[in-house]
Amino acid sequence: MLGLPKGEVFLVPWTEEWEKEFKKEKEMIEELLGEAVVAVHHIGSTAVRGLAAKPIIDIAIEIRQFQEGECCARSLERLGYEYKGTNILPERHYFNKGEPRTHQIHMFKRENSYLHEHLYFREYLRKHDEAREAYEQLKREMAKDAQGDKYKYTDGKSAFIQKILQT
């Protein structure tokens with residue numbers, strides 16, 4: 001399953017479909033953006049085998065210069081992405097795709113600290129079964145408690161994520 005309707009927060013079991021979808025999207029992004037792209041990464045819970053997740057593919061794109069993000073926006077619109085700007089996190093260009101939402105792009109300048117945190121957290125969960133299981137349990141509780149409020153859901157996970165990032 002892929003796609004999360006606006007105003008809903010729910011988790012579904014991990015599926016290989018997410019890996020395939022990421023690879024397909026990555027190829028299109030690299031072809032479209034060419035030299036501007038340093039790397040394209042699958043991040044978030046859909047990138048962690050066995051971890052239940054909201055059915056949205058999170059993609060991190062590393063670019064050479066942060067200013068290139070706005071130029072990339074016009075190209076990404078051809079793939080169905082909507083540019084949301086840099087309001088939430090000033091060092092990130094943010095895009096989403098679809099309703100229900102199927103993909104999100106987080107675009108960072110190469111070597112950005114937020115990008116490194118995403119990659120570190122993903123790798124930690126891939127390597128540590130106990131942490132992955134605890135995180136999934138927390139996510140299930142937060143999804144239930146949030147009652148469709150994505151900000152409440154995200155805030156509820158923050159302390160766990162910060163604890164892992166400090167290891």
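The values are calculated or read from the model by the stated rules, or taken from the named source; none is laboratory data. Values in this document were obtained by computation on a predicted structure and should not be read as measured data. Every residue, glycine as well, gets a Cβ built from its backbone with ideal geometry; the counts of neighbours run over all protein chains shown.
If only one of GLU91, GLU31 is over 17 Å from the mean Cα position of the chain (by Cα) and either at pLDDT below 95 or loosely packed, with under 13 Cβ neighbours inside 10 Å (or both), which one is it?
GLU31
Within segment 72-82, can one find any residue that is surrounded by fewer than 16 Cβ atoms within 10 Å (Cβ to Cβ) and part of a strand (DSSP E or B)?
Within segment 72-82 (the criterion being surrounded by fewer than 16 Cβ atoms within 10 Å (Cβ to Cβ) and part of a strand (DSSP E or B)), the answer is yes, since at least one residue qualifies.
Of the residues VAL48, VAL37, which is buried (at least 18 other Cβ atoms within 10 Å of the Cβ) and out of contact with any strand residue (DSSP E or B) (no Cβ under 9 Å at 6 or more places or on another chain)?
One residue alone meets the criteria, VAL48.
Take the residues in segment 111-132 that are outside any helix (DSSP H, G or I) and under 15 Å from VAL40 (Cα atoms), then tell me which one is nearest to the chain's Cα centre (by Cα).
Of segment 111-132, the ones outside any helix (DSSP H, G or I) are 111-112, 128.
Filter once more, so that each one left must be under 15 Å from VAL40 (Cα atoms): 111-112.
Numbers: GLU111: 17, ASN112: 15 Å.
Going through the qualifying residues, I end up with ASN112.
Being in contact with an Asp or Glu (Cβ under 9 Å, 6 or more places away or on another chain) and touching a residue at least 40 places away in the same chain (Cβ under 8 Å) is the filter; apply it to segment 112-124 and report the residue that is nearest to ALA52 (Cα to Cα). Spell out how you get there, then give the answer.
Start the filter on segment 112-124 by keeping residues that are in contact with an Asp or Glu (Cβ under 9 Å, 6 or more places away or on another chain), which leaves 112-115, 118.
Next, only the ones that are touching a residue at least 40 places away in the same chain (Cβ under 8 Å) stay: 112, 115, 118.
Working: ASN112: 27, LEU115: 22, HIS118: 17 Å.
My answer is HIS118.
Condition check ((1) touching a Leu at 6+ places or on another chain (Cβ under 9 Å); (2) closer than 19 Å to ALA36 by Cβ; (3) in contact (Cβ under 8 Å) with a residue 40 or more places away in the chain) across all residues:
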{"site": "GLU70", "(1), (2), (3)": "no, yes, no"}
{"site": "LYS84", "(1), (2), (3)": "no, yes, no"}
{"site": "THR102", "(1), (2), (3)": "yes, no, yes"}
{"site": "ALA134", "(1), (2), (3)": "no, no, no"}
{"site": "ASP145", "(1), (2), (3)": "no, no, no"}
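Can you tell me which residue among PHE108, PHE95 is at negative phi, free of Cβ contacts under 8 Å to residues at least 24 places away in the same chain and not in a helix (DSSP H, G or I)?
Just one listed residue meets the conditions, PHE95.
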